[in-house]
Amino acid sequence: MMIELKDLTKEYKDQIVLDRVNYKFEEGHVYGLVGENGSGKTVLLKTIAGLYDLTEGEILVQGQPKKKGHFLPSVGMVGDAIGFVPYMTARENLYELSRIQKKIGLEEIDKMLEFVGLSNYQNKAVRKYSLGMKQKLCIAQAFMEEPKVLLLDEPFNALDAKSATKMKQYFKEYAKEHQAIMIVTSHHADELDDLCDTMIHIQEGRIE
């Protein structure tokens, strides 16, 4: 799969948030998207995913323009776009999400929860989770259906050092084994140095 951004522009309340962004993302690669707060990182990921509409420009998926209002196919996301039901357990939340595409069952969900270190807490209500546990749950839902595109908005937030190292290794291996496109955001380039094949810097909505 290849995703190409052509003069991608996004305006919000008369402010240009993304300014004529051009870039090609190729499968099997991990891309680091680095920038300060308000630089446009999160908006870019959500626009690629189809959660936000473009103001101008286009997104090409395998050379074909992505239609307005359509979500990117086979995508997994980590970020504030993921809304878990707080009174439901982790296992119940993932099961309900899995019913949308019906690609996996409880066996695969349980394996993913075990991998991220939540198997002992899978029957606990998500509202009782710590920030780190919620982040692990976000990672589990992003990867559980083995998507071809991963849009990971600051996925290491609230993770302890051991968990972050484990996830980085998994992300790197996943991109290669599944020939996936993976875009990972951070405020700090050094956080992504040992993970990403390519580093992209964004400032005031422009890729440098």
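The values are calculated or read from the model by the stated rules, or taken from the named source; none is laboratory data. This structure is a prediction, so every number in the text was calculated from the model and none was measured. Virtual Cβ from ideal backbone geometry, glycine too; neighbours counted across all protein chains shown.
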Quick check on the stretch 82-105. Is at least one of its residues assigned to a loop (DSSP other than H, G, I, E, B), under 16 Å from the mean Cα position of the chain (by Cα), within 27 Å of TYR23 (Cα to Cα) and not β-branched (Val, Ile, Thr)? no
What number of residues within the stretch 148-177 are over 13 Å from the mean Cα position of the chain (by Cα) and on the phi > 0 side of the Ramachandran plot? 1
Only one of (1) part of a strand (DSSP E or B); (2) more than 16 Å from the chain's Cα centre (by Cα) does not apply to MET77, and that is (2)
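Residues TYR52, TYR31, TYR87, TYR95: which one is outside the structural domain of CYS138 (by TED's automatic domain parsing) and under 28 Å from LEU118 (Cβ atoms)? Outline the logic, then answer.
Details: TYR52 fails: under 28 Å from LEU118 (Cβ atoms); TYR87 fails: outside the structural domain of CYS138 (by TED's automatic domain parsing); TYR95 fails: outside the structural domain of CYS138 (by TED's automatic domain parsing).
Testing whether each residue is outside the structural domain of CYS138 (by TED's automatic domain parsing) and under 28 Å from LEU118 (Cβ atoms) leaves just TYR31.
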In this structure, is LYS162 closer than 27 Å to PHE71 by Cβ and charged (D, E, K, R)? no
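Please verify whether LYS68 is farther than 18 Å from ILE181 by Cα, free of Cβ contacts under 8 Å to residues at least 40 places away in the same chain and not small (Gly, Ala, Ser), treating the condition exactly as stated.
Yes; evaluated as a whole, the condition is true for this residue.
Any idea which residue in the stretch 1-45 is farthest from the chain's Cα centre (by Cα), counting only those that are assigned to a strand (DSSP E or B) and loosely packed, with under 14 Cβ neighbours inside 10 Å?
Step one: filter the stretch 1-45 for residues assigned to a strand (DSSP E or B), giving 2-12, 15-26, 29-34.
Right, trim to loosely packed, with under 14 Cβ neighbours inside 10 Å and you get 2, 7, 12, 15, 22, 24.
Values: MET2: 16, ASP7: 22, TYR12: 22, GLN15: 25, ASN22: 19, LYS24: 17 Å.
Within the stretch 1-45, the match that is farthest from the chain's Cα centre (by Cα) is GLN15.
If a residue has to be hydroxyl-bearing (Ser, Thr, Tyr) and surrounded by fewer than 17 Cβ atoms within 10 Å (Cβ to Cβ) to count, how many in the stretch 96-133 make the cut? Lay out the reasoning, then the answer.
If we filter the stretch 96-133 for residues that are hydroxyl-bearing (Ser, Thr, Tyr), which is where we start, we get 98, 119, 121, 129-130.
Imposing the further condition that a residue be surrounded by fewer than 17 Cβ atoms within 10 Å (Cβ to Cβ) reduces the set to 119, 130.
Residues in the stretch 96-133 being hydroxyl-bearing (Ser, Thr, Tyr) and surrounded by fewer than 17 Cβ atoms within 10 Å (Cβ to Cβ): 2 in total.
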Does the stretch 189-208 hold any residues that are in contact with a helix residue (DSSP H, G or I) (Cβ under 7 Å, 6 or more places away or on another chain) and modelled with pLDDT of 95 or more, and which are they? LEU195, MET199, ILE202
Go through the stretch 159-192 and report how many residues are surrounded by fewer than 16 Cβ atoms within 10 Å (Cβ to Cβ) and either in contact with a Lys or Arg (Cβ under 9 Å, 6 or more places away or on another chain) or in contact (Cβ under 8 Å) with a residue 40 or more places away in the chain (or both). 6
When residues of the stretch 5-58 are limited to those that are acidic (Asp, Glu) and over 19 Å from VAL184 (Cβ atoms), the one modelled with the lowest pLDDT: ASP14
Is the stretch 115-129 home to any residue that is hydroxyl-bearing (Ser, Thr, Tyr), in a loop (DSSP other than H, G, I, E, B) and at pLDDT 95 or above? yes
Only one of (1) of a type in the set (A, V, I, L, M); (2) in a helix (DSSP H, G or I); (3) in contact with a strand residue (DSSP E or B) (Cβ under 6 Å, 6 or more places away or on another chain) does not apply to ILE48, and that is (3)
